[in-house]
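Read the structure below first, then the notes.
The values are calculated or read from the model by the stated rules, or taken from the named source; none is laboratory data. Quick caveat, the model's predicted, so the values are computed rather than measured. Methodologically, a virtual Cβ is constructed for each residue, glycine included, from the backbone with ideal geometry; neighbour enumeration extends over all protein chains shown. When the accessible area is computed, the model is the full protein with side chains, heavy atoms only, and any ligands, DNA or RNA have been set aside. Shrake-Rupley method; radii C 1.70, N 1.55, O 1.52, S 1.80 Å.
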Amino acid sequence: MTRSISSFSPRPDRTGAGSISRKTLGYVLAGMAVLGLGGLGVSSLVAQVEGDRGIPPLANSADIQVDGITVDVTGKTGAEARLKGWKEAQKLAWKKLGGPDMPTESIDAMVSSVVIEKEQVGPHRYIATLGVIFDKAKSSQYVGGAGSVARSAPLLVIPVLYSGGVQQVFEVRGPWQRAWAEFQAAATPVDYVRPSGAGGESLILTAGQPGRRSRLWWRTILGQFDASDVLMPMARLERQWPGGPVKGTFTARYGPDNTYLGSFTLEAPSEQALPDMMDQAVERMDGLYREALARGDLKPDSTLTGGNAPLERAFAQLREKLLPAGGVPEIPVAEPAVPQAPTIVTEEPAGAPVETVNVQFVTPDAAAVDAGLAAVRGVPGVDGAATVSLAIGGTSVMRVSVRGGSNRLASALRAQGWQVSGSGATIRISR
């Protein structure tokens, strides 16, 4: 039996004793609404970083791995058919690597393990998709090289997927990020840095990140992953009808300017074949990046790795244009009508030791990060500044190496219009 709210309210008498006014009831309902919205806000903030965001990447092995070997063999028993299938997979994998003709026993001696991707074992038949891992120390004399191929600089991978009108990277566990996480990158000369999307990585590495052009922002991102530049492999999936064929368009892009390197298309007959198509796409995408590396297109951008060198060169060119050959500007001297106060020039502390100062600054958006870093890096005597804690919408922290210590840094920032508080090894700046 249900009751309405009015049935629990005391019936007012003539004097009004025991009644609840409309004003009081309004306060109660308003308070309940505020509490409900507050709880919803907290749960929303927690949900931004909770849950399964991405697939952890496989550890790069020094061995040589060949995946996707399909076998279909028969035997007297299921166990015999399985062993026969493994031997057959080893021979096929060795042939796929381009190895010379060798007895099965010699090939088996170089195999370190067999990876079971899919298998079906019957009473007399064995059907499976296997991966074979060869010991590099034993097999490198026949296939591949002995480490003579030069590897690229560490390159951050941001796999962007467009599917169903939505773009994503680590927001949910998608097939494109899974394929990159499960890719065995030991045999490729491209040094892929593959994040897992755990913690705050899903908030920083989003589908909109490849569209940014700010070098200061990219330096901050790459510094957190110890990478020199960035790769953006992009996949766009188009479904003809639910459960039907899936067409994929894959594009290889590179660098903070989102440079185009190449593209191709693949098609899966059904949703069940989508993971195999994604694995094939990653291998072809790796081929595009290998070709770009061979052409010299994957060299790290100097504006990302050169620190303040480009800015210093620009200042040097400006000084050459504005100052005469002697290095001292010629200023006409006129007799002042009244005595002038002497000008105090702050000299660069050439012999001052380098000190490390932690600078806290409010960063409501990416532009605030760029402004804070630019202001600190422009102070004379600063040898380097990099964010050690990035909090968009909160307070970030940068670590600064400066000659003259925090006092000199604080004075220079006040001259730029910043409000500076604190002293010693930690200061806080704000506008």
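Points to keep in mind about this one:
- All distinct Cα pairs of segment 91-225 go into the 1/r average, and the inverse of that average, the Kirkwood radius, is 18.5 Å.
- Loop trypsin sites (Lys or Arg not before Pro), segment 180-235, which have at most 12 other Cβ atoms in a 10 Å radius of their Cβ (DSSP): R213
- Calculated FRET efficiency for the pair E80/V362, C-beta based, R₀ 60 Å, to 0.05: 0.30
- Set the Cα radius of gyration of segment 361-415 against 2.2 N^0.38 Å, with N its number of residues, and you get 1.09.
- Segment 214-256 - percent of accessible surface contributed by carbon and sulfur, probe 1.4 Å: 48
- Eligible lysines near K136 by straight Cα distance, threshold 18 Å, same-chain separation 8 or greater: K91, K95, K96
- Summed over the residues of segment 133-277 and divided among them, the accessible surface reaches 43 Å² per residue at a probe radius of 1.4 Å.
- Count Lys and Arg as plus one, Asp and Glu as minus one, and take only other residues whose Cβ is under 11 Å from that of D383; the net charge is then +1.
- Projected label points at E320 and L266, each 7 Å from Cα along the beta carbon direction, are separated by 5.1 nanometres.
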